[in-house]
Structures are given as C-alpha cells and as structure tokens.
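The values are calculated or read from the model by the stated rules, or taken from the named source; none is laboratory data. Remember, predicted model here, so these are calculated numbers, not experimental data. Using ideal geometry, Cβ is built from the backbone for each residue, glycine included, and neighbour counts are taken over all protein chains shown.
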Amino acid sequence: MNHTLIFNVTGKTSIWQRNHGAYRIAHWLRLHNWDAEVIDYALTWNFEDLTNLVETRISKNTKFIGFSFLFDRWRDSEDLLKFVVWLNHYYPNITLISGSNLYPDPDSPMDYHIRGYGEVALVKLLEHLFSNGAKPRMIERNDGIKVIDADLYPAYPMTDYSVEYEARDFLQPWEFLSIETARGCIFQCTFCNHPLLGVKEDYSVTSEAFDKELKENYYRWGIKNYMTTEETFNDRPDKIERLGKVVKNLDFEPWFTGYIRADLLISRPDERKHLDDMNYYGHYYGVESFNHKTAKAFKKGMHPDKVKEGLLSIKEYYAHTGKYRGTVSLILGGPYEPIDSMYKTFDWLEENWKEHSVMPYPMYIPQGEMARASELTKNYEKYGYRKKDFSYFEEKYPDEEYVLNRMKTSRFEAILWENDELDQLQAIKLEMDFHNKIRDKEFKVQNFSMPKYTAVKGSNNQDPPMEERLNLTVGEAQEEWGENDNTRDEWCKEYITKKLNWGQSIVY
C-alpha cells in the first residue's frame with residue numbers, strides 16, 4: 001500500500017488547532033487505498049522532533065509528503081522550513097505537495113501545490129506521478145513549483161464530506177473539530193475572494209452521513225463540539241431543519257458554531273427554532289458595518305436599525321439556553337464610513353452586546369495570485385480607495401513603528417490604501433483601540449477563539465462545560481492562556497510525545 005504523511009500547518013493565531021483540510025485529504029486518500037497519517041500542530045514541532053518522526057515513518061512505500069495549510073505561510077516556522085530542506089536533501093525521491101485555499105508564496109519549497117478543494121485534483125496528480133495516469137493541467141511557475149487549480153477538477157457537488165479519524169490522531173474529548181456540511185456560498189459579498197461564490201445548487205451533506213460522523217466522533221472519542229466550515233451556514237432553511245432533526249434524535253448534545261448571516265436570520269424567524277433544534281448556538285455574524293451606505297457597498301443592504309433590533313431579538317430568543325454566543329464582526333475602514341461612525345457602532349455594542357463578543361478587522365484588500373479576485377480587489381478605486389506606497393506611510397507617520405511593521409509584512413499581499421475618511425494605518429490603530437476596549441469593557445471571548453482559549457484545559461484532563469467556556473472574558477482568556485505566547489503548550493508537547501512513540505516503520 002502506498003504511504004504518505006500529511007503535516008497540518010495552521011496559522012500562529014490558532015497554532016494548535018487541527019485544520020480540517022488535512023484530515024479530509026487523508027480520509028479521501030484512504031478511500032483510494034493509501035495509508036495516510038496526519039501530523040498535527042506542525043508549527044509547534046522543533047526540527048529534531050520532525051526528523052525523528054519521519055525516520056520512524058518513511059519506508060519504500062512512502063511516495064509523497066504533504067503539507068496542508070489554512071494559508072501558505074512557510075515563514076511562520078524556521079524549524080519547519082529547515083525540515084523541508086532536510087527532506088529534499090536526504091529523501092530526494094519523495095515528492096513534496098502542499099495544499100491550501102490560496103496560491104503558494106513565492107519560492108515555496110514544494111514540488112507541487114494544489115489550490116482549493118483538492119480531493120479530485122490530488123488523486124489525478126498521484127495517478128500521473130505513480131500510476132502512469134494523464135498529466136493534470138498545471139502552471140509551472142518561474143520559482144519551480146507546479147500549481148494545480150482544483151477548480152479544474154471540482155470536488156463538488158458531494159453528499160458526504162465526512163472524515164474518519166484514527167487512533168493515531170489522539171483526539172481528545174474537549175476538542176472542537178471542524179465539520180463540513182456544504183461547500184460554497186450563495187452570496188457574493190464585495191470583499192470576498194472565496195473561489196466558490198454565488199452557488200445555486202445545494203451542495204449540502206446528507207442527513208445519514210451527518211448523523212454517522214457525529215455518532216462516531218462521540219462514541220469513539222467523546223467529542224461534542226464543532227465548528228462548521230462553510231461560509232454561510234444558514235443559507236438554506238430546509239438544510240437547517242433537516243440537520244436539526246438529526247441532532248434532536250441523538251442521545252448526546254453537541255454544540256455547533258460557525259458563520260451565520262444575520263440578515264437572513266432576522267428576516268426568517270423560523271430559522272431560530274431550527275438552529276435551536278440543532279444546538280447551533282455559536283453565531284458569527286459578519287455585520288461589517290452599521291453605516292447603511294457602507295453595508296450596502298458590501299452587498300449587505302438591510303438597514304442597520306433593523307439589524308440592531310434583530311440582533312437584540314435573537315439574543316433574547318436564545319437567552320434561555322445558556323449556550324448562545326453571538327459574535328459581531330466589523331470591518332474598520334469600509335467604503336464611505338467616517339471614523340466617528342465606527343466609534344458610534346462600538347458605543348452601541350458596549351451598551352447592548354457586552355455579554356457576547358465583537359471582532360474588529362481593518363479593511364484588507366488582497367492582491368496578487370488568487371483563485372477569484374473579489375469585486376473590491378478588482379475595482380477598489382470605484383469604492384473610493386487609492387493605492388499608496390509603503391513610503392507614503394513611513395513619511396506621514398514616522399513615529400508609528402509598530403503599526404508600520406505590521407503593514408510592512410503584508411504590503412506584498414495586500415493593497416496599502418487611503419480613502420476620503422481615513423487610511424490603512426488609521427484603520428489598524430482603530431482595530432488596536434477597539435481590542436483594548438473589548439478587553440477593558442469585559443466583552444466575552446468570541447466563538448472561534450473558544451477552542452484556543454479554553455479547550456487547552458484538556459491538558460489537565462478537564463472537559464469544561466459550555467457555560468464555563470462561554471463565561472470567559474477576553475481579558476481573562478488573555479491572562480490565563482497568554483494570547484501572545486506562541487510556544488508549545490502542554491497539549492502539543494503531549495501530542496508530539498505520543499506521535500513519536502507511535503509505531504515503527506522500515507527506514508530507507
């Protein structure tokens with residue numbers, strides 16, 4: 001049987017979470033008669049442990065080694081990059097393949113990169129490399145890496161996106177796993193560059209496959225908490241109703257969180273009950289702005305007064321559960337919005353939303369290679385943005401060293417901008433100010449941070465109740481777990497030890 005290792009690489013802000021993509025690819029490969037082992041938390045491994053692991057795993061059957069990214073970011077770990085150089089030197093016959101939703105960084109150290117939902121594309125590539133299959137369509141870049149756009153080999157529609165985990169994954173009951181219930185988004189927001197937008201067809205999972213995955217993860221590993229991966233979970237009311245019936249018939253109570261479109265939930269009140277039936281209590285609302293002109297520019301046209309009224313109604317509806325967490329996401333520096341408007345938004349949230357959470361982000365307009373450039377990226381001038389060189393900000397803000405350094409690291413990935421209301425540096429400073437206020441005013445931890453801040457209690461074999469997780473404020477979380485500490489935490493150390501001690505293989 002052909003063999004592979006897939007290293008799961010997440011970003012520094014979620015350094016020890018398990019990226020769903022690596023497991024989905026491993027599951028798919030097993031269906032095609034491969035032995036695929038996932039290696040989690042790759043950014044926390046040191047070079048010595050990485051090489052020790054590989055030397056106990058690689059055999060004559062090892063055909064490729066994979067690296068699964070949320071984002072392609074080799075620069076986040078010198079040890080990981082050093083490890084890849086070592087692989088190329090000592091195992092030159094093993095192909096290196098990476099995958100993510102983005103195109104690879106310049107000078108990526110891989111042989112091949114697959115961009116997008118990669119199940120079908122990867123099998124096509126492996127058939128070509130190892131079974132005399134036809135060569136898939138790819139771009140051979142100047143830096144040597146060969147890139148396959150998975151949109152040319154669609155992995156949708158599917159009716160089953162499940163993952164079957166293994167004993168060697170060492171899943172823990174306190175973990176939040178990602179679960180895939182559909183692919184793509186029915187909307188096309190102005191700023192979104194996701195490759196699968198404006199979806200008309202229903203690409204959602206069957207009730208039977210959903211039921212099977214939930215039961216297996218609970219009865220084998222004790223897992224009850226999930227993050228759904230799709231961009232708009234409440235896109236189709238019939239899907240929510242159908243999956244809600246599955247959850248109601250379980251003999252345990254899972255808890256779900258993910259992206260919920262607030263305007264849909266407000267305009268379709270019956271959806272609240274279906275989400276209630278499903279225990280889908282973690283809602284991440286991409287509100288973006290309470291400025292009506294700005295929201296309309298983002299293609300979110302519901303009047304802000306109606307959005308505010310609706311959010312309060314939703315909060316009241318779920319109050320009885322004790323398990324609801326609503327996160328309002330904001331974009332700072334959206335088209336046409338003055339600074340005082342953003343502060344008024346925060347004032348309203350402080351008065352009405354403190355028992356929940358807020359996530360502010362400065363406007364980010366990506367540039368360069370991408371599967372689908374957003375409307376904003378393609379036509380940013382139409383929305384009032386003017387592109388500026390980094391030197392412009394250096395000259396204008398010579399004393400803002402910290403913010404300038406943040407901008408310096410992203411200037412090749414995104415457009416540096418100004419508009420008539422503010423510029424990108426001011427937007428970043430607003431974000432910093434808002435985060436300070438969120439901490440000082442004791443807002444609660446946002447739903448996607450709950451695994452990061454609370455599930456680490458599993459290191460002490462604890463499985464805190466959801467009510468305890470939800471009660472954690474941002475300040476408490478930062479103090480208890482050290483938000484800026486990217487060193488290996490106790491669970492990662494334990495996991496690495498278990499992996500190193502798991503099984504032996506024939507060494508080359």
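Summary table
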| item | result |
| --- | --- |
| The stretch 95-118: number of residues that are in contact (Cβ under 8 Å) with a residue 40 or more places away in the chain and over 18 Å from the mean Cα position of the chain (by Cα) | 2 |
| Answer residue from the stretch 306-337, given it is of a type in the set (Asp, Glu) and within 21 Å of residue 270 (Cα to Cα) and is surrounded by the most Cβ atoms within 10 Å (Cβ to Cβ) among those | 309 |
| Search result, residues across the stretch 351-380 that are exposed (fewer than 15 other Cβ atoms within 10 Å of the Cβ) and in a helix (DSSP H, G or I) | 351, 352, 378 |
| Which listed residue, of 204, 162, 178, is under 16 Å from the mean Cα position of the chain (by Cα), at pLDDT 85 or above and not aromatic (Phe, Trp, Tyr) | 178 |
| Residue that is surrounded by the most Cβ atoms within 10 Å (Cβ to Cβ), among those in the stretch 261-299 that are of a type in the set (Lys, Arg) and more than 23 Å from the chain's Cα centre (by Cα) | 272 |
| Unmet requirement for residue 181, which otherwise passes all of (1) more than 18 Å from residue 252 (Cβ to Cβ); (2) out of contact with any Asp or Glu (no Cβ under 7 Å at 6 or more places or on another chain) | (2) |
| Yes/no for residue 217 being modelled with pLDDT of 95 or more and either under 23 Å from the mean Cα position of the chain (by Cα) or not aliphatic (A, V, I, L, M) (or both) | yes |
| Inter-residue pairs, beta-carbon under 6 Å, first without any contact (Cβ under 8 Å) to a residue 24 or more places away in the chain and in the stretch 123-135, second part of a helix (DSSP H, G or I) and charged (D, E, K, R), 6+ apart | 133/127 |
| Residues of the stretch 54-69 classified as outside any loop (DSSP other than H, G, I, E, B) and surrounded by fewer than 18 Cβ atoms within 10 Å (Cβ to Cβ), total | 3 |
| The one condition in (1) touching a Gly at 6+ places or on another chain (Cβ under 9 Å); (2) at pLDDT below 95 that residue 75 fails to fulfil | (1) |
| Residue satisfying all of: in the stretch 405-436; at pLDDT below 95, in a helix (DSSP H, G or I) and not polar (S, T, N, Q); farthest from residue 340 (Cα to Cα) among these | 408 |
| Options 91, 23, 103; residue that is closer than 22 Å to residue 126 by Cβ and modelled with pLDDT under 90 | 103 |
| Enumerated strands (runs of 3 or more DSSP E) restricted to the stretch 231-341, each holding at least 1 residues that are in the same structural domain as residue 212 (by TED's automatic domain parsing) and within 22 Å of residue 202 (Cα to Cα) | 255-260, 280-288 |
| Residue match in the stretch 317-340 (condition: more than 25 Å from residue 467 (Cα to Cα), within 24 Å of the chain's Cα centre (by Cα) and hydroxyl-bearing (Ser, Thr, Tyr)) | no |
| Long-range neighbours under 9 Å by Cβ, at least six apart or interchain, first residue over 14 Å from residue 102 (Cβ atoms) within the stretch 136-151, second assigned to a helix (DSSP H, G or I) and of a type in the set (D, E, K, R) | 136/124; 136/127 |
| Search result, residues across the stretch 331-367 that are of a type in the set (Asp, Glu) and under 17 Å from residue 286 (Cα atoms) | 337 |
| Hey, residue 375 more than 19 Å from residue 449 (Cβ to Cβ), touching a residue at least 40 places away in the same chain (Cβ under 8 Å) and touching a helix residue (DSSP H, G or I) at 6+ places or on another chain (Cβ under 6 Å) or not | no |
| Residue list for the stretch 34-53, restricted to those being assigned to a helix (DSSP H, G or I) and either aromatic (Phe, Trp, Tyr) or at pLDDT 95 or above (or both) | 47, 48, 49, 50, 51, 52, 53 |
| Residue 495 being at negative phi, assigned to a helix (DSSP H, G or I), modelled with pLDDT of 85 or more and crowded, with 18+ Cβ neighbours inside 10 Å | yes |
| Qualifying strands (runs of 3 or more DSSP E) (wholly inside the stretch 124-229; at least 1 residues being small (Gly, Ala, Ser) and surrounded by 17 or more Cβ atoms within 10 Å (Cβ to Cβ)) | 176-179 |
| Residue selected from the stretch 100-123 under the condition in contact with a strand residue (DSSP E or B) (Cβ under 8 Å, 6 or more places away or on another chain) and not in a loop (DSSP other than H, G, I, E, B), by the criterion surrounded by the fewest Cβ atoms within 10 Å (Cβ to Cβ) | 100 |
| The stretch 388-438: number of residues that are among the basic types (Lys, Arg), farther than 20 Å from residue 330 by Cα and either out of contact with any helix residue (DSSP H, G or I) (no Cβ under 6 Å at 6 or more places or on another chain) or exposed (fewer than 14 other Cβ atoms within 10 Å of the Cβ) (or both) | 3 |
| Any chance residue 345 is surrounded by 15 or more Cβ atoms within 10 Å (Cβ to Cβ), modelled with pLDDT under 95, part of a helix (DSSP H, G or I) and among the β-branched types (Val, Ile, Thr) | no |
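Here is a yes/no grid of residues against (1) free of Cβ contacts under 8 Å to residues at least 12 places away in the same chain; (2) in contact with a strand residue (DSSP E or B) (Cβ under 9 Å, 6 or more places away or on another chain); (3) hydroxyl-bearing (Ser, Thr, Tyr):
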site: 180; (1), (2), (3): no, yes, no
site: 186; (1), (2), (3): no, no, no
site: 204; (1), (2), (3): no, no, yes
site: 208; (1), (2), (3): yes, no, no
site: 211; (1), (2), (3): no, no, no
site: 214; (1), (2), (3): no, yes, no
